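Peer 1: Sharing a structure, written as structure tokens. Questions coming.
The values are calculated or read from the model by the stated rules, or taken from the named source; none is laboratory data. Computed from a predicted model, the values in this text were never measured in an experiment. Heads up, the Cβs are rebuilt from the backbone with ideal geometry, glycines too, and the neighbour counts pull from every protein chain shown.
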Amino acid sequence: MALVGLGWLLIYSTTYYQPDLQRHAARQAVFILLGLAVQWYLSRQSLTKLLQASPVLYGLSLALLVAVPLVGFEVNGARRWLSLGPLGALQPSELLKFSLPLLQVYLLQKGRWDLALAALLGPALLVLKQPDLGTAACYAASTWGLFFIAEFDWRGLVGGTLLGSWLASLGLHGYQKERLLMFLDPEKDATGAGWNLIQAKIAVGSGGLQGLGAFQGLQKRLMYVPEQHTDFLFTVLAEEWGLFGTTLLLLLFGLLLARGFRLARRAQSQQARWICAAACWSLAFQTVVNLAMVIGLFPVTGIPLPLLSYGGTALLSQCALLGLLHAEARAQHQASRAQARLQWSPRG
């Protein structure tokens, strides 16, 4: 609740001086409510039943992803969305961040490592064609983390990582290669390809210790940092709330992920352990890559900040992952209460 509330406040601040974008805050508020409803619903479901439904969920998500090149629409040179009319747009690639790990856990339970790996290839190739290297990397990272937790042969993990990275590099578009070069030396093209990274660093650094104050960010008001309500939302927090605000954000994410991995460690069943670990690994990867990208420690990619950045489908997918964690938390709490009742005996 703290993270999504902070995200909505930052989105509202980002669009405060941009009348054409002010509708984003209202839409995000609606998706926050929908996301919390999805999380609540999944928290009341059995993980076993969700795993049994995973092939259907994966199939529906993949079918929507296949439909994107056929009937999807294009924004900024990328075709990633399906139009929902007055309801906005749907990004099917985000739905796979929830259904893909579920299906892979379902297959790993049956000992089908080959099918679990094959389930990654289709979505990864489709999103690379959009193009969306960041989402494909998220799929791969989630799969890598799941296989690592499931104690897959480390030589296979390393070999698969190197092979996948090499194959992905062959399909890079010109602007993606340029981003990699600008990551090494953004000053080489300060008014072109390196603009985003340079302005993001300026925004983060200008916040200082206490920040410039809510709604007072100069980089934001002058619109020097592109896509501030999505991929570069962290710059708004750093500029307006300073080091105090960014530290608060890191503590919140650290607490959330620490609790999630603690659930995985305490899980009594193998399937629950794998599901919790995969959900936490996916959220952790997206968080670390986004923050590292904004401060120049990682090339610019299209990975939003989980639970904060604007985007309805992404928020629903992330809340669904949290719903899986919530379901396991409730199961462990109920088990501990039942054990305590068994151990209690009345005096006399």
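Peer 1: How many residues, within the stretch 335-348, are assigned to a loop (DSSP other than H, G, I, E, B) and charged (D, E, K, R)?
Peer 2: 1
Peer 1: Take the residues of the stretch 228-242 that are of a type in the set (Phe, Trp, Tyr) and not in a loop (DSSP other than H, G, I, E, B): which is farthest from Leu308 (Cα to Cα)?
Peer 2: If we filter the stretch 228-242 for residues that are of a type in the set (Phe, Trp, Tyr), which is where we start, we get 232, 234, 241.
Checking the rest, the ones that are also not in a loop (DSSP other than H, G, I, E, B) come to 234, 241.
Working: Phe234: 9, Trp241: 15 Å.
My answer is Trp241.
Peer 1: Is one or more of the residues making up the stretch 84-97 touching a His at 6+ places or on another chain (Cβ under 8 Å) and within 18 Å of Leu315 (Cβ to Cβ)?
Peer 2: The first filter runs over the stretch 84-97 and keeps only residues touching a His at 6+ places or on another chain (Cβ under 8 Å), leaving none.
Scanning the stretch 84-97, I find no residue that is touching a His at 6+ places or on another chain (Cβ under 8 Å) and within 18 Å of Leu315 (Cβ to Cβ), so the answer is no.
Peer 1: What's the number of the only condition in (1) farther than 21 Å from Gln219 by Cβ; (2) of a type outside the set (Gly, Ala, Ser); (3) buried (at least 24 other Cβ atoms within 10 Å of the Cβ); (4) out of contact with any Cys (no Cβ under 8 Å at 6 or more places or on another chain) that Leu305 fails to meet?
Peer 2: (1)
Peer 1: Name every residue in the stretch 308-334 that is part of a helix (DSSP H, G or I) and among the hydrophobic types (A, V, I, L, M, F, W, C), in order of residue number.
Peer 2: Selection gives Ala314, Leu315, Leu316, Cys319, Ala320, Leu321, Leu322, Leu324, Leu325, Ala327, Ala329, Ala331.
Peer 1: Assuming Ala29 fulfils every condition listed in (1) over 21 Å from the mean Cα position of the chain (by Cα); (2) part of a helix (DSSP H, G or I); (3) not polar (S, T, N, Q) apart from one, which condition is it?
Peer 2: Condition (1) is where Ala29 drops out.
Peer 1: Looking at the structure I just gave you, is Leu325 in contact with a Leu (Cβ under 8 Å, 6 or more places away or on another chain), at positive phi, buried (at least 19 other Cβ atoms within 10 Å of the Cβ) and not small (Gly, Ala, Ser)? It would help to see each step written out before you state the result.
Peer 2: Numbers: in contact with a Leu (Cβ under 8 Å, 6 or more places away or on another chain): yes; at positive phi: no; buried (at least 19 other Cβ atoms within 10 Å of the Cβ): yes; not small (Gly, Ala, Ser): yes.
Taking the combined requirement at face value, the residue does not satisfy it.
Peer 1: Going through the stretch 224-271 one residue at a time, which ones are in contact with a Lys or Arg (Cβ under 9 Å, 6 or more places away or on another chain) and of a type in the set (S, T, N, Q)?
Peer 2: Gln228, Thr235
Peer 1: Among all residue pairs at least 6 apart or on different chains, which show Cβ distances below 8 Å where the first residue, located in the stretch 255-278, is over 15 Å from Leu321 (Cβ atoms) and the second is of a type in the set (Ser, Thr, Tyr)?
Peer 2: From the stretch 255-278, the pairs are Gln271/Thr48.
Peer 1: Another question, if that's okay. Test Thr246 against the stated conditions and say whether it is surrounded by 14 or more Cβ atoms within 10 Å (Cβ to Cβ), at pLDDT 90 or above, more than 30 Å from Ala78 (Cα to Cα) and out of contact with any strand residue (DSSP E or B) (no Cβ under 9 Å at 6 or more places or on another chain). Write out each step before concluding.
Peer 2: Values: surrounded by 14 or more Cβ atoms within 10 Å (Cβ to Cβ): yes; at pLDDT 90 or above: yes; more than 30 Å from Ala78 (Cα to Cα): yes; out of contact with any strand residue (DSSP E or B) (no Cβ under 9 Å at 6 or more places or on another chain): yes.
Yes: the conditions hold for Thr246.
Peer 1: OK, next. From the list Ala63, Ala67, Ala89, which one is of a type in the set (A, V, I, L, M), under 21 Å from Tyr139 (Cβ atoms), touching a strand residue (DSSP E or B) at 6+ places or on another chain (Cβ under 9 Å) and surrounded by fewer than 14 Cβ atoms within 10 Å (Cβ to Cβ)?
Peer 2: Numbers: Ala63 fails: touching a strand residue (DSSP E or B) at 6+ places or on another chain (Cβ under 9 Å); Ala89 fails: surrounded by fewer than 14 Cβ atoms within 10 Å (Cβ to Cβ).
Just a single option satisfies the conditions, and that option is Ala67.
Peer 1: Right, something else. Determine whether Gly5 is modelled with pLDDT of 90 or more, surrounded by 15 or more Cβ atoms within 10 Å (Cβ to Cβ) and small (Gly, Ala, Ser).
Peer 2: So Gly5 fails the test.
Peer 1: Being within 25 Å of Glu240 (Cα to Cα) and either in a strand (DSSP E or B) or modelled with pLDDT of 90 or more (or both), is that true of even one residue in the stretch 70-92?
Peer 2: Checked against the condition, which is being within 25 Å of Glu240 (Cα to Cα) and either in a strand (DSSP E or B) or modelled with pLDDT of 90 or more (or both), the stretch 70-92 yields no hits at all.
Peer 1: So, in the stretch 70-86, of the ones that are of a type in the set (A, V, I, L, M, F, W, C) and over 11 Å from Gln130 (Cβ atoms), which residue ends up surrounded by the most Cβ atoms within 10 Å (Cβ to Cβ)? Spell out the reasoning first.
Peer 2: Our first condition is that a residue be of a type in the set (A, V, I, L, M, F, W, C); within the stretch 70-86, this holds for 70-71, 73, 75, 78, 81-82, 84.
Applying the additional criterion that residues be over 11 Å from Gln130 (Cβ atoms) yields 70-71, 73, 82, 84.
Values: Leu70: 8, Val71: 9, Phe73: 11, Leu82: 18, Leu84: 11.
Selected residue: Leu82.
Peer 1: Of all residues in the stretch 22-56, count the ones that are surrounded by 16 or more Cβ atoms within 10 Å (Cβ to Cβ) and either without any contact (Cβ under 8 Å) to a residue 60 or more places away in the chain or not hydroxyl-bearing (Ser, Thr, Tyr) (or both). Full working, then the answer.
Peer 2: Taking the stretch 22-56 first, the residues surrounded by 16 or more Cβ atoms within 10 Å (Cβ to Cβ) are 24-25, 28, 31-32, 35-36, 38-39, 42-43, 47, 50-51, 54.
Filter again for either without any contact (Cβ under 8 Å) to a residue 60 or more places away in the chain or not hydroxyl-bearing (Ser, Thr, Tyr) (or both), leaving 24-25, 28, 31-32, 35-36, 38-39, 42, 47, 50-51, 54.
Count: 14.
Peer 1: Are any residues in the stretch 199-235 closer than 18 Å to Leu297 by Cα and in contact with a Gly (Cβ under 6 Å, 6 or more places away or on another chain), and if so, which ones?
Peer 2: Matches in the stretch 199-235: Lys201 only.
Peer 1: Continuing with this model, one more query. Going through Val300, Val288 one at a time, which residue ends up being of a type in the set (A, V, I, L, M) and either outside any helix (DSSP H, G or I) or modelled with pLDDT under 90 (or both)? Break it down stepwise before answering.
Peer 2: Values: Val288 fails: either outside any helix (DSSP H, G or I) or modelled with pLDDT under 90 (or both).
Checking each option against the conditions leaves just Val300.
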